1. Could you tell me whether A:K268 is part of a helix (DSSP H, G or I) and either out of contact with any Gly (no Cβ under 6 Å at 6 or more places or on another chain) or more than 30 Å from D:L45 (Cβ to Cβ) (or both)?
2. How many residues does the range C:45-57 contain that are within 10 Å of C:I17 (Cβ to Cβ) and within 7 Å of chain A (Cβ to nearest Cβ)?
3. Could you tell me whether any residue of the range A:192-209 is acidic (D, E) and outside the structural domain of A:S27 (by TED's automatic domain parsing)?
4. Which condition from (1) over 25 Å from A:K106 (Cα atoms); (2) in contact with a helix residue (DSSP H, G or I) (Cβ under 6 Å, 6 or more places away or on another chain); (3) basic (K, R) is the one that G:K56 breaks?
5. Take residues that are without any contact (Cβ under 8 Å) to a residue 12 or more places away in the chain and either on the phi > 0 side of the Ramachandran plot or exposed (fewer than 13 other Cβ atoms within 10 Å of the Cβ) (or both) and tell me which of the strands (runs of 3 or more DSSP E) falling wholly in the range A:63-180 contain 2 or more.
6. What pairs come up if the first residue lies in the range D:18-44 and is at the interface with another protein chain (Cβ under 7 Å from one of its Cβ atoms), the second is among the acidic types (D, E) and surrounded by 21 or more Cβ atoms within 10 Å (Cβ to Cβ), and their beta carbons are under 6 Å apart, counting only those six or more places apart or on different chains?
Amino acid sequence: MIEAKSEHKIAPWKIEEVNALKELLKSSNIIALIDMMEVPAVQLQEIRDKIRDQMTLKMSRNTLMKRAIEEVAEETGNPEFAKLVDYMDKGAAIIATEMNPFKLYKTLDESKSPAPVKGGAIAPCDIEVKAGSTGMPPGPFLSELKAVGIPAAIDKGKIGIKEDKIVVKEGEVVSQKLAVVLSALDIKPVTVGLNVLGVYEDGVIYTESDLKIDEEEFVGKIQKAYTSAFNLSVNAVIPTSATVETIVQKAFNDAKAVSVESAFVTDKTADAILGKAYAQMIAVAGLAGDDALDEDLKG
Amino acid sequence: MEYIYAALLLNSAGKEITEDAVKAILVAGGVEANEARVKALVAALEGVDIAEAIEKAAIAPVAAAAPAA
Amino acid sequence: MEYIYAALLLNSAGKEITEDAVKAILVAGGVEANEARVKALVAALEGVDIAEAIEKAAIAPVAAAAPAA
Amino acid sequence: MEYIYAALLLNSAGKEITEDAVKAILVAGGVEANEARVKALVAALEGVDIAEAIEKAAIAPVAAAAPAA
Amino acid sequence: MEYIYAALLLNSAGKEITEDAVKAILVAGGVEANEARVKALVAALEGVDIAEAIEKAAIAPVAAAAPAA
Amino acid sequence: MEYIYAALLLNSAGKEITEDAVKAILVAGGVEANEARVKALVAALEGVDIAEAIEKAAIAPVAAAAPAA
Amino acid sequence: MEYIYAALLLNSAGKEITEDAVKAILVAGGVEANEARVKALVAALEGVDIAEAIEKAAIAPVAAAAPAA
């Protein structure tokens, strides 16, 4: 460990930096490690502007952040906090906030924006180039397109793409040449922003997979729970204000079904029984042919 | 349903639905007429407007289906 | 409709639908039985699966309602 | 419908639907039990599979709705 | 379902649905009446317009099926 | 529905549905537990196959029809 | 599903769904409450209209019933 060896002659600015980081770490209940490696400067500035009021973002060297975290964990007697360093990655930064980890994640997620894919990167999805004019005049771009396998030609004085084409599949590496072409076509297949590496709150460290909430899934679960409760209440006849009417209706429908099936006429089911017999008569009349029918039934 | 068919046959023919009439039809059809069922049926149909009941049967499902549209 | 009800009664009672049986029911119901119509009915229903036709009738009104909707 | 409810109660409790049992329930409910209707009910329910009739009724609307869709 | 059938029997007969009445019917039907269930049912039915609920039941199924489409 | 949810929570957690357990949950949820309802709930669930009762579609359509209309 | 049932219990009782309330119910039900799951639940429900979800579920059973038929 380089730091261990150089402990006694550590540069004063580093000590200051670690102290500043420690102050930040102690300032809030929720501490997040985020990854901002891939975020271009322009976007980063936009994001910082957006989140400024809700959280403090501080970049530093990993070694210094690690040291600050470990020292805070030790000073506060909180070994769980020290585990945050396990989530550190290159390009990490610290966020201190009072926003709960789930809200923090949502806020950061919503602040992401589309960006061009870089050469050498893995395509995050199938990248498709759409047919149509590129708006560019004839020139070397035409051969650049062709070189990466995009069918292009001059059309009405501009370079046009002849058909939709998936130029790289999800998971494949985007070549340097293709990246340049996609950028020129203003195709932004990646989303960049601050990715959560780990968030500490109250003794628990949350990772992205913990924090990524699928609201649809929750809605589905709520519906399933409600339906289950509704069915159980009705089927086991445990009346509640939400189900008592349905229970009454089920009992009535049971009685009606048995009355009709047995042709035992009651004041509530006379119509249904007579109607059923009539409908059957009409159905059979339909099979009987005109000669077998009286005037009323001929149609 | 034999009992009901017998009653509707009478109604359709414009005859009164009496116990004797229902029984006579059942017997003619080779059905052993249960005295109590005949009695109960005739009593239950008293006061029922059969024409209206049938009409409702023909229309009811349609009416019910309407809000579904 | 009396003729059909007579046929339904026989079917429901598990009897064969013959001209004589239909006629007997009609007469018991006080209906003058038209010979030709009885013949036509019995002929038409020969080989017809009445149970199936009736079953469909239970569902039909709703289906019928669809175009009305 | 009192008579039907009495029968359903017995069926649901796993008891046999007899004239005496139906009458006892009706009387307990303060209903004057009509002898003929009780007899008719028990006779009418002979041969009816109550559980099946109830189940069918619960499903029918849905099945019926399909063609309407 | 015995408890609800007993309650509807009373309703159908135009009687008030009281704990005692429900219990009496259950006992007459040979069902051991659970005190708490009777209480809970009677309480739950208070404020429910049974006639209206039943009326709705007669029409609803078809209409309700629509959103499933 | 609080009582039902309490029962389902216990069932889902593989715990026995007892009066005490239901009451404890309700109280923890800030609900005043009605003794009779708790008792009725536990009694009603005795012998009920909850997994099956949950799956079996209650004729919700009726209840559903209201908002659908 | 225990977490969801706890949340719906609170919702049904007109209480606010807070981390503490959910945890209290789970613990009362003998369920070890996982801090992260409780937090996730409460956070997720902040963006969900439970009343609306339930209303929609009330209609769904019809759809669910169809394949069951």
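The values are calculated or read from the model by the stated rules, or taken from the named source; none is laboratory data. For clarity, every value in this text was computed on a predicted model and none was experimentally measured. When we count neighbours, we look across all protein chains shown, and the Cβ atoms used for this are built from the backbone with ideal geometry, even at glycine.
1. Numbers: part of a helix (DSSP H, G or I): no; either out of contact with any Gly (no Cβ under 6 Å at 6 or more places or on another chain) or more than 30 Å from D:L45 (Cβ to Cβ) (or both): yes.
No: the conditions fail for A:K268.
2. Taking the range C:45-57 first, the residues within 10 Å of C:I17 (Cβ to Cβ) are C:45-46, C:48, C:50.
Retained after the next criterion (residues that are within 7 Å of chain A (Cβ to nearest Cβ)): C:45, C:48, C:50.
Adding up the residues that qualify gives 3.
3. Narrowing the range A:192-209 to residues acidic (D, E): A:201-202, A:208.
After this cut, where a residue has to be outside the structural domain of A:S27 (by TED's automatic domain parsing) as well, the list is none.
Scanning the range A:192-209 turns up no residue that is acidic (D, E) and outside the structural domain of A:S27 (by TED's automatic domain parsing).
4. Failing condition for G:K56: (2).
5. On the way: elements: A:92-97, A:113-115, A:127-129, A:152-155, A:158-161, A:165-168.
Counting at least 2 such residues, we get no strands (runs of 3 or more DSSP E) at all.
6. What qualifies is D:V31/D:E2.
Residues are listed down the side, and each one gets a yes or a no for (1) within 14 Å of chain F (Cβ to nearest Cβ); (2) assigned to a helix (DSSP H, G or I); (3) among the β-branched types (V, I, T):
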| residue | (1), (2), (3) |
| --- | --- |
| A:D210 | no, yes, no |
| A:A229 | yes, yes, no |
| A:V237 | yes, no, yes |
| A:A242 | yes, no, no |
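Listed here are the residues, each with its yes/no results for (1) farther than 20 Å from F:E35 by Cα; (2) surrounded by 18 or more Cβ atoms within 10 Å (Cβ to Cβ); (3) modelled with pLDDT under 95.
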residue: E:A7; (1), (2), (3): yes, yes, no
residue: E:V22; (1), (2), (3): no, yes, no
residue: E:A28; (1), (2), (3): yes, yes, no
residue: E:E46; (1), (2), (3): no, no, yes
residue: E:I54; (1), (2), (3): yes, yes, yes
residue: E:A64; (1), (2), (3): yes, yes, yes
